[in-house]
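One structure is given here, and the rest of the page talks about it.
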Amino acid sequence: MGRHATSRTRRRILLPLLALALAAVLGAATWVAVAMARSEPDCETARVVVAASPDIAPAVAQAAGALDLACVAFDVQPRESLQMAKELSGTASKPQAWIPSSTLFLRQATGVPPSGPSIASSPVVLAVAEPVARALGWPREPLTWPEVLGGSGVVAGMPDPVRDPVGVSALLALREVTEDAPDPAAAYVALLRKFAATTSGATVFPAAENAVLRHNSGLSEGETALVAAYSPAAMALDYPFVEIAGASRRQAEAVAELKRALLYGAATGTRSELRAPGGQALRLTETDRRVEAHGQRSSEIPAAAEVDKALSHWAGVNASARVQVLIDVSGSMSAPVPGTGKSRLAITLEAAENALHLFKSTSQVRFLAFATKVDGERDYREILPMAPVGQQLAAVDRLRAVRAVPDGQTGLYDSVLDVYRLAHQEFERGKLNLVIVMTDGRNTDPGGISRENLVAELGKLRDRERPVPVIAIGIGPDADETELGQLVAPAGGQAFLSRDPAKIEEVFYGALGRIAGAG
């Protein structure tokens, strides 16, 4: 292995090449392709709209034009896959066919088939700035993901996996890097922490192979070339072809002809930067030596549950979350904490306030107080509505002003059940959705739901594809560890105890870290 990149080298290569992670939008604002129509007497031209990922749209337009179908005009529109998925779920006019960059986008749209035949592929690679690659021993030896990520001088970035399947592919493939570690789960979390949630300033980041090729072929002065590192554990972009309902007979026939041509390789010719669906060798007449032209294996498209699990891991590691925080304000929370001059509630509120700094600015938090009948017949009330962390930090005076309810009982069960329902209703994909309960005792509401019924209801609400773990933090000597453990179990959460209320902040931070690592 060669010398590692020095910090001076690293500074020289922190260049604008990181726009590559969004390189799939190439030409989206400036290029539109309309295939030729062949006129015939006594026929009305049928317009066939094909929405295609911008990186494959030129090849699709060329294939459509080559068909030379009578009385048909193909309008091949380069459209961002995520935006198109949203539009297809709405009321806007729809194309007759859609070719997103990944099958994952089909799952985000309504009214489209859940899958379609792949017409091309592009492996997901680690794009490595060439000076860093050379310091790691390339081109004497091909780069591997463990070697790249274990090298010094590496600044790793990640495209947003909620919006980009390249990021999802990388998150899943990175598991293989740590599978032989003594504690694979902990090693995986540690590896993810190496990645910034952006590609800006990175010297290593996941990208599609075709994006690397485009970047290298269009280098400007001062830009750095990229070297591709491959992993068979990474899911390739698969460019599925799906037909959209509502086409006329002539449109449907034209779509079928285009589909047939693309399945026979019209999009992966000798001038294409794309591979055939099986990852066969690149057919470029002159292939960039920074990519490997021979065939590449890729992993299968994962199940939706696996994708959600990977996104939850990423959200947890980055502390990007949507959190409901339930704080006990029953009478016992006014008890003084020896040696602090503060009450249990005051120390709990300080811990909750300071925990806001653990989350990214993109996180959203709601604070609620609970006892018994604090809002009419309801056992909880909202202190601060769901809002970004920055807004909550600006409004902490309202949190600090919360006081315990004299002689108030602990309406724990009803409050947890209602807020858990609310968290499911407001579930946000790609974030760590949590309910955090902070209490110093057990449920003492005689008119509320029983523990058995609470556990049963939480179990019914749990959705493994839309997980909302419950973190229960018991404060002080009266917290019931057994009760808290039974409360969180059906929601897939964890219970933590702080027998010394003065140390609740330490327990709170540890709880968030462990639940984030668990995904």
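Solvent-accessible area assigned to carbon and sulfur over the range 155-286 amounts to 49 percent, based on a 1.4 Å probe. Rounded to the nearest 20 debye, the dipole size of the range 123-233 about its Cα centre is 120 debye, using +1 on the Cβ of Lys and Arg and -1 on the Cβ of Asp and Glu. Computed on the range 277-356, with alpha-carbon pairs under 8 angstrom and 6+ residues apart, the relative contact order is 15 percent.
Pairs of Cα atoms nearer than 8 Å and 6+ residues apart set the relative contact order; for the chain it is 14 percent.
Close amide-amide hydrogen proximity is noted between Asn433 and Arg322, each under 5 Å apart and 5 or more residues distant or on a separate chain (H modeled in the peptide plane; Pro and chain starts excluded). Between the residues Val166, Thr144, Pro117, the greatest Cα displacement towards the positive end of the dipole of the range 84-166, with unit charges on the Cβ of Lys, Arg, Asp and Glu, is found for Pro117. Accessible surface computed residue by residue for the range 35-164, with neighbouring protein chains in place and a 1.4 Å probe, gives 38 Å² per residue. Here the range 155-205 is assigned +1 on the Cβ of each Lys and Arg and -1 on the Cβ of each Asp and Glu. Its dipole about the Cα centre then comes out at about 200 debye.
Averaged over its residues, the range 359-403 has an accessible area of 50 Å² per residue, based on protein heavy atoms and a 1.4 Å probe.
Judged by the mean number of other Cβ atoms found within 10 Å, the most tightly packed of the peptides 167-175, 442-450, 490-498 leads the ranking 167-175, 490-498, 442-450.
Determine the calculated [θ] at 222 nm for the chain from helices alone, applying -39500 (n - 2.57) to every DSSP H run no shorter than 4 residues and normalising by the residue count; nearest 500 deg cm²/dmol.
On the way: 17 runs with 168 residues, N = 519.
Per the formula, -9500 deg cm²/dmol.
Of the residues Ala245, Gly459, Val177, the one whose Cα sits farthest towards the positive end of the charge dipole of the chain is Val177 (charges of +1 on Lys and Arg Cβ, -1 on Asp and Glu Cβ, taken about the Cα centre).
Computed about its Cα centre, the charge dipole of the chain is approximately 1000 debye, with only Lys, Arg, Asp and Glu carrying charge at their Cβ.
Close amide H pairs (under 5 Å, H built 1.01 Å from N) link Ile449 with Asp414, residues at least 5 positions away or on another chain.
Between Ser498 and Gly474, Ile475, Gly476, the built amide H atoms are under 5 Å apart, and every one of these is 5 or more places off in sequence or on another chain. To the nearest Å, what is the center-to-center distance of the range 392-417 and the range 238-289, using C-alpha atoms only? That distance is 58 Å.
The values are calculated or read from the model by the stated rules, or taken from the named source; none is laboratory data. Since the model is a prediction, treat every value here as computed from it, not as a measurement. When we count neighbours, we look across all protein chains shown, and the Cβ atoms used for this are built from the backbone with ideal geometry, even at glycine. With ligands, DNA and RNA removed, areas are computed over all heavy atoms of the protein, side chains included. Shrake-Rupley method; radii C 1.70, N 1.55, O 1.52, S 1.80 Å.
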